[in-house]
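Here's the structure, in structure tokens; my notes come after.
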Amino acid sequence: MFAMDAVAPKRREIAEPRFDHYEDTGCEVASTCFGCPLPRCKFDDMEWFYKYRRLGRYLHMASVIHGEGLSISEAAERFSVTQRTIFRVLNRCRDAMRELTPAEAAVFARLAA
């Protein structure tokens, strides 16, 4: 008898399929996962979701600024931030509109409102 025979791994049994119950409860974006408009699931990539949720707040701020015709100083006072932050918000919104579809931008802006 060889030493290899003594330590040979046992053949794995084929596991039965699992039939766990999965309840699709959705999240704050959609009531069900199948009805979610996002290209990725927030639970799969939380960093991605938080980045774009923050961007949604920025999009909401930008829409208020443009919709009400606020100046930079008026917007800074309205949102209780510095003027530099308003410039940052507007620049990030301009850049983000290049990478987001209008539907995605609307979803994140709706989350921020």
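A few comments on the model shown:
- Complete set of residues in segment 51-86 that are in a loop (DSSP other than H, G, I, E, B) and either touching a residue at least 40 places away in the same chain (Cβ under 8 Å) or of a type in the set (S, T, N, Q) (or both): 71, 80, 82
- Summed over segment 78-96, residues that are surrounded by 13 or more Cβ atoms within 10 Å (Cβ to Cβ) and either charged (D, E, K, R) or at pLDDT below 80 (or both) total 3.
- Taking the criterion of being part of a helix (DSSP H, G or I) and either surrounded by 15 or more Cβ atoms within 10 Å (Cβ to Cβ) or in contact with a Gly (Cβ under 6 Å, 6 or more places away or on another chain) (or both), the residues of segment 97-113 that qualify are 104, 105, 107, 108, 109, 111, 112.
The values are calculated or read from the model by the stated rules, or taken from the named source; none is laboratory data. Because the structure is predicted, anything quoted here is derived from the model rather than measured. So basically every Cβ, Gly included, is an ideal-geometry build from the backbone, and we count neighbours across all protein chains shown.
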